[in-house]
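The values are calculated or read from the model by the stated rules, or taken from the named source; none is laboratory data. Just so it is clear, the model here is predicted, and its values are computed rather than measured. Note: ideal-geometry Cβ built from the backbone for every residue, glycine included; neighbour counts use all protein chains shown.
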Amino acid sequence: MYNTRMSRFAFLLSLAVMANAVAAPVDIDTAAQLYQAAAIREQVRASLGSMPGHIRKLFQGNTSAPLSDTQLAAVNVAAVRAFRIDVFEAPALSAFASNLDAETVKKAEAFLASEEGKRWVAADVGLASLSDEDADKIMNGDMAPASTPQRNVLFGKLERAERSAESTIQILLTMGTAVALGTAVGSGMDPGPVEERARKSGEASRQTLEENMREPMRRYVAYGYRDLSDSDLKHVLSFLQSAAGKQYISAYIASLDAGFHAMGRRCGEQLGESLRELAMAQLATEHGDREPPATVKPHQ
């Protein structure tokens, strides 16, 4: 009985040691090699040009406190200055490294170096480079490539394995929270309550948003991977469903989340400062336009 218990304990201990070894994060240089192989920089850079427009829409949708044309112009300037690859990359790489381990890097690099992996990465870069107009048409079903029932099944599985809907909603919520937080900081407000309200609002709507995004993202994947053969799609799916593939996707999403949070917060901080300056200028103008109050002489 003693030997059985000891051997069982030793077995569990070895599993724990192995788990800890696998979970150990990699260094930034190692993560950067995988980041480059996955063309994450190219994918993100391709999407940044449309970000000022998305941020303007975020503020234009706030009908309870509409912004003036001057304020919307400040939104655009802040977004252009904040949504840059140099703002994204440092936090993104740090998060990427923290969510990777040596075994995941080894297997992910091997897959990305394969012909199927290269075609997959090229397809993702192509998707990121689409105009907003084309992306909307694709997700609405107005631009759809020829397909088969078998391929449609594969596209559905790929969307799930890539966690496309989840990651898209995560980034949108992250940006919204970061911009709100940064705006509060830049305006001199207490950021705590602002961040808490944004977080609670996002969490309350997350599940519904993800489900509503599921089919549009399946269409998006189907369009982006239209030139990949059935064999290519099966190879990609096999990797994504493996332990290394799942961990790679988790690291990839964490990387995007950290990078977009940094850009969103930078945008909000600059915007908050700009809005405060505009408010002070407006106040100064209003005071300057007023005539000094008449002096009332006391009765003699």
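Considering only residues that are at pLDDT 85 or above and outside any helix (DSSP H, G or I), look in segment 19-35 and name the one that is surrounded by the fewest Cβ atoms within 10 Å (Cβ to Cβ). Filtering segment 19-35 for residues that are at pLDDT 85 or above and outside any helix (DSSP H, G or I), the one surrounded by the fewest Cβ atoms within 10 Å (Cβ to Cβ) comes out as Asp27. Scanning segment 232-245 for residues that are farther than 17 Å from Ala146 by Cβ and either among the aliphatic types (A, V, I, L, M) or without any contact (Cβ under 8 Å) to a residue 12 or more places away in the chain (or both) gives Val236, Leu237, Ser238, Leu240, Ala243, Ala244.
The rows are residues; the columns are (1) in contact with an Asp or Glu (Cβ under 6 Å, 6 or more places away or on another chain); (2) under 23 Å from Asp124 (Cβ atoms); (3) assigned to a helix (DSSP H, G or I).
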{"site": "Pro193", "(1), (2), (3)": "no, no, yes"}
{"site": "Glu211", "(1), (2), (3)": "no, no, yes"}
{"site": "Arg226", "(1), (2), (3)": "no, yes, no"}
{"site": "Gln247", "(1), (2), (3)": "no, yes, yes"}
{"site": "Gly259", "(1), (2), (3)": "no, yes, yes"}
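Taken across segment 109-126, residues that are under 24 Å from the mean Cα position of the chain (by Cα) and in a loop (DSSP other than H, G, I, E, B) do not occur at all.
Residues that are surrounded by 13 or more Cβ atoms within 10 Å (Cβ to Cβ) and either acidic (Asp, Glu) or within 14 Å of Pro216 (Cβ to Cβ) (or both) within segment 113-150 comprise Glu116, Asp124, Leu127, Leu130, Asp134, Ala135, Asp136, Lys137, Ile138, Met139, Met143, Ala144, listed in sequence order. Taking segment 173-190 only, how many residues are surrounded by fewer than 19 Cβ atoms within 10 Å (Cβ to Cβ) and outside any loop (DSSP other than H, G, I, E, B)? Counting residues in segment 173-190 that are surrounded by fewer than 19 Cβ atoms within 10 Å (Cβ to Cβ) and outside any loop (DSSP other than H, G, I, E, B) gives 2.
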